[in-house]
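Structure first, commentary second.
Throughout, read-outs are computed from the coordinates displayed, never taken from laboratory work. Note that this is a predicted model, so its numbers are computed, not measured. Note that each Cβ is placed from the backbone with ideal geometry, even for glycine, and that neighbours are counted across all protein chains shown.
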Amino acid sequence: MSPVLVRRGVFLAGGVALFILVLAGRAAAAPPPDSCVGCHENLGDRLSKPVAGMKDDAHAKRGLSCASCHGGNPARFGMDAHDRAAGFVGVPSPKQTPQFCARCHSRPEVMRRFNPKVPVDQLARFLTSVHGKRLAAGDPNVATCTSCHGVHPVRGVADAASPVFATNVPQMCARCHADPARMGRYGISTTQFAQYKESVHGQALLDRGNRQAPGCNDCHDNHGAVPPGVTSVANVCAQCHSATRDLFVRSPHKAAFDVLGEGECTTCHGTHNIVFPTDALIGAEKPAVCVRCHPAGSSGLAAAGEIRLRLERVKTAITGAETILARAARAGMDVSETELDLNEARTQLIIARAATHTAGLPAVDPPTQAGLAAAGRALAAGQAAIAELAFRRRGLIVALAVIGFVAVALWLKIRELEARTHP
Amino acid sequence: MSVRGWLEERVRYQGVETFLRHKEVPRHRFAATYYTGGITLFFFLVQVLTGLLLLMYYRPTADAAFESVRLIMAKVRFGWLVRAVHIWSANLMVLGVFLHLGATYFGKAYRRPREITWLTGGGLLVITLAFGFTGYLLPWNTLAYFATQVGTEIAGDVPLIGRGLLVLLRGGENVTEATLSRFFGIHVAILPAVTTLLLGLHLLLVQVHGMSRPVAVPETGSEPFYPHFIMRDVLVWVVLLGGVAVLATLVPWELGEKADPLAPAPPGLKPEWYFLFMYQALRMLPARVLWVEGEMIGVLAFVLAGTLLILVPFLDVWAKRERRHHLFTVAGVVAVLFVIAMTVLGLRMEF
């Protein structure tokens, strides 16, 4: 071998070694090549959409890639990447979707790596839901995971843009449940969302953004969505309205509703259309709800009328006290202390209103009596202030009479003095 | 020995009696202005009396001040009346002081030999305004709290000493309980003590020199000070007492809300009417005049005007020769018109 060739060989080997080193360095610095993104982002339309959506995706944010869910071999290019041997799944069918997500979401050992507190019972609950049962029975039109959570991106539930964020849930459910075309075949009504929007809960959640207020999922469950049913609906309400529930359990309605198969709370308050309760709800005449079951002249209706009367008495007493106190305040009297009594009366009225759930006078009577007494004290204070005002006016007249008398006497004396000085 | 004799030996009051019997008050077409001093004195005496009564119940702490005033208004027998009279009489006293100032200024009562009477009067004018300013804070309600904040801020615009004056008045950087407690001390101890001294001297000098006759006003005679003038003075007082009683009973002063230093300043904040002309004038000044802050120039101008007013006996060299110089009449009329115009503007202005 000539020295020239040897020298050339050394140069060549050095160059190749350098090239390999540079390549290896780049490979170590960059993430492994993902051919899914590389191809799909250039395919356009339906096939590139998932790539664009993934920047907001909760999975992508935690480092998962396309292949984490869809399988295949992203190291290969073109259709070779769709390698069935490497577990490639294209678009899962609706029937496949729950199991598709459950591969991770039902496995505590996987999920706790990302968030140890995240529930892993979604699939189990879904299988108990009406959606899940129908899916199992072969109905592909029901909601599965992606119907509610979206896909590409699947946003986290705490992301306000997520369709399952608390204030978005009612609108999200309504996409199907307010659509007569979708619901017609199941014979399900589509008025729930319209009613809910006007309800006390809907206004709190949707209008005021109060996330403490219940959306659809708080009563129906989310993954295990079913109508709560007559036997359990009261338990659902009691999650928040526990004090009212305790009062209701003491009422004769409890046993009667159990026998009649009535839904307890919902019998009087309704379901999706629960409005802010007023005193008009109770009483012996329409629009009181009592008349729906209790016939005219019955003892139950008489009791309802009596309860309503107690409430009205307290309200009248409070209004009367407020009126006279406002009058006294306008006249400059200090009646700020009576605010305590007025507040006490208002509090007792609230207690009495809650006690109407016992449907009995024994529970309603004490707070109404206490409310009447407190309002009475405020009224008396107001009357005393008005009387004091009158006393002040009378006192002023007397004082002015005395002052006037002294002034006139002085004036006469001065005239007499001046007459003597300048006759 | 008779009682009179016994007393005379010890008190020597007959000198005063003889003095009073011979004291004469001149009569002329402006003689009515002589009542302005007596009117002011009457309101001052009412202030002392009602102030002492309020002192029995008032508590000068941020926690208790507001509640104690409410207690006075709601629970203390005739407390409402005493408080309302104290406020009405305070406002009327300020009015009386202004009227008395006008009467003596335009009558040139400051001329020789009454220069010291004028100086004590000037001191009493400042003290009266200080009484008003400090007393206004004491109920510790929202309006008072923020008005004091604005008022002490203006004091901070006085050139050179402004910053120190502000801290001295507030008892710190902000209006706090420290401010309340020093305003209370100033209102019920320092000012009354100084007033007693100045007022004593003022009244003594009035007796020594007698009533001043306005320059170039022909005298139509005179009448005895006692009993003629005194009787009419008392008649005026009795009528004023009736007026105060009507106002205090029928037009009560609201207490408002308790001051909350953390709350935002309420809208429509403006000072008491007797400070309004200064406040309004300062508000109307541009933010900057050349390189100096506008408000500072305004405050300086008011300090200068006040100084000139107090020194007027020594500036008006024509008055002691019984001559009117137009300069002082015109200056006085301009000042009165300025005060009235600024006050009216201040009252009408949307704050």
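The single condition from (1) within 14 Å of another protein chain (Cβ to nearest Cβ); (2) farther than 30 Å from B:Thr18 by Cβ; (3) surrounded by fewer than 18 Cβ atoms within 10 Å (Cβ to Cβ) that B:Leu269 fails is (1). Do the conditions hold for A:Pro367, that is, is it closer than 20 Å to A:Leu247 by Cα, over 30 Å from the mean Cα position of the chain (by Cα) and more than 14 Å from chain B (Cβ to nearest Cβ)? Here the answer is yes, as A:Pro367 does meet what is asked. Can B:Phe184 be described as under 30 Å from B:Phe302 (Cα atoms) and either in contact with a strand residue (DSSP E or B) (Cβ under 9 Å, 6 or more places away or on another chain) or away from every other protein chain (no Cβ under 14 Å) (or both)? So B:Phe184 passes the test. Is there a residue being away from chain A (no Cβ under 14 Å), assigned to a loop (DSSP other than H, G, I, E, B) and more than 30 Å from B:Glu115 (Cβ to Cβ) anywhere in segment B:243-256? No, segment B:243-256 has no match at all.
Does B:Gly132 satisfy the condition of being within 14 Å of the chain's Cα centre (by Cα), surrounded by fewer than 21 Cβ atoms within 10 Å (Cβ to Cβ) and under 25 Å from B:Thr33 (Cα atoms)?
Yes; evaluated as a whole, the condition is true for this residue.
When B:Ser222, B:Ser212 are checked against the criterion of being within 23 Å of A:Leu412 (Cα to Cα) and either away from chain A (no Cβ under 14 Å) or not in a helix (DSSP H, G or I) (or both), B:Ser222 stands alone in meeting it. Scoring B:Asn141 on the criteria (1) touching an Asp or Glu at 6+ places or on another chain (Cβ under 9 Å); (2) within 14 Å of chain A (Cβ to nearest Cβ); (3) over 30 Å from B:Leu285 (Cα atoms) leaves a single failure, condition (3). If the condition is being more than 10 Å from chain A (Cβ to nearest Cβ) and either surrounded by fewer than 20 Cβ atoms within 10 Å (Cβ to Cβ) or acidic (Asp, Glu) (or both), then segment B:70-85 contributes B:Val76, B:Arg77. Restricting B:Leu160, B:Leu119 to those that are away from every other protein chain (no Cβ under 14 Å), aliphatic (A, V, I, L, M) and either free of Cβ contacts under 8 Å to residues at least 60 places away in the same chain or not in a helix (DSSP H, G or I) (or both) reduces the list to B:Leu160.
Every test in (1) within 60 Å of the chain's Cα centre (by Cα); (2) within 10 Å of another protein chain (Cβ to nearest Cβ) is passed by A:Val408 save one, and that test is (1).
Residue count for segment A:104-124, restricted to those that are surrounded by 14 or more Cβ atoms within 10 Å (Cβ to Cβ) and either more than 19 Å from A:Cys69 (Cβ to Cβ) or in contact with a Cys (Cβ under 8 Å, 6 or more places away or on another chain) (or both): 4. Could you tell me which residue of segment A:77-121 is farthest from A:Leu43 (Cα to Cα), considering only residues that are touching a residue at least 24 places away in the same chain (Cβ under 8 Å) and of a type in the set (Ser, Thr, Tyr)? Result: A:Thr97. On the stretch given as segment A:339-392, residues that are closer than 30 Å to A:Lys254 by Cα and among the acidic types (Asp, Glu) total 1.
Regarding A:Leu417, is this residue in a helix (DSSP H, G or I), touching a Pro at 6+ places or on another chain (Cβ under 8 Å) and within 14 Å of another protein chain (Cβ to nearest Cβ)?
yes
Considering only residues that are closer than 21 Å to B:Val150 by Cα and of a type in the set (Asp, Glu), look in segment B:293-351 and name the one that is surrounded by the fewest Cβ atoms within 10 Å (Cβ to Cβ). That would be B:Glu350. Candidates in segment A:376-403 are the residues that are farther than 19 Å from A:Arg346 by Cα and among the small types (Gly, Ala, Ser); of these, the one that is nearest to the other protein chains (Cβ to nearest Cβ) is A:Ala399. Once segment A:234-269 is narrowed to residues that are among the small types (Gly, Ala, Ser) and touching a residue at least 40 places away in the same chain (Cβ under 8 Å), the residue that is nearest to A:Gly202 (Cα to Cα) is A:Ala243. Within segment B:39-69, if we keep just the residues that are surrounded by fewer than 19 Cβ atoms within 10 Å (Cβ to Cβ) and within 14 Å of chain A (Cβ to nearest Cβ), the residue that is farthest from the chain's Cα centre (by Cα) turns out to be B:Glu67. Look at (1) among the polar types (S, T, N, Q); (2) over 30 Å from B:Glu67 (Cβ atoms); (3) part of a helix (DSSP H, G or I) and you find that A:Thr271 fails only one, number (3). Exactly one residue out of A:Ile324, A:Ile318 is assigned to a helix (DSSP H, G or I), closer than 19 Å to A:Leu379 by Cβ and over 35 Å from the mean Cα position of the chain (by Cα), and it is A:Ile324. On inspection, B:Ala305 fails the criterion of being aliphatic (A, V, I, L, M), within 20 Å of the chain's Cα centre (by Cα) and within 14 Å of chain A (Cβ to nearest Cβ). B:Leu169 meets all of the listed conditions (1) buried (at least 20 other Cβ atoms within 10 Å of the Cβ); (2) closer than 30 Å to B:Arg213 by Cα but one, namely (2).
Listed here are the residues, each with its yes/no results for (1) of a type outside the set (A, V, I, L, M); (2) in a helix (DSSP H, G or I); (3) surrounded by 16 or more Cβ atoms within 10 Å (Cβ to Cβ).
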| residue | (1), (2), (3) |
| --- | --- |
| A:Ala328 | no, yes, yes |
| A:Val335 | no, no, yes |
| A:Leu340 | no, yes, no |
| A:Thr347 | yes, yes, no |
| A:Ala354 | no, yes, yes |
| A:Ala378 | no, yes, yes |
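On the stretch given as segment A:203-242, residues that are of a type in the set (A, V, I, L, M, F, W, C), closer than 28 Å to A:Ala136 by Cβ and under 18 Å from the mean Cα position of the chain (by Cα) total 5.
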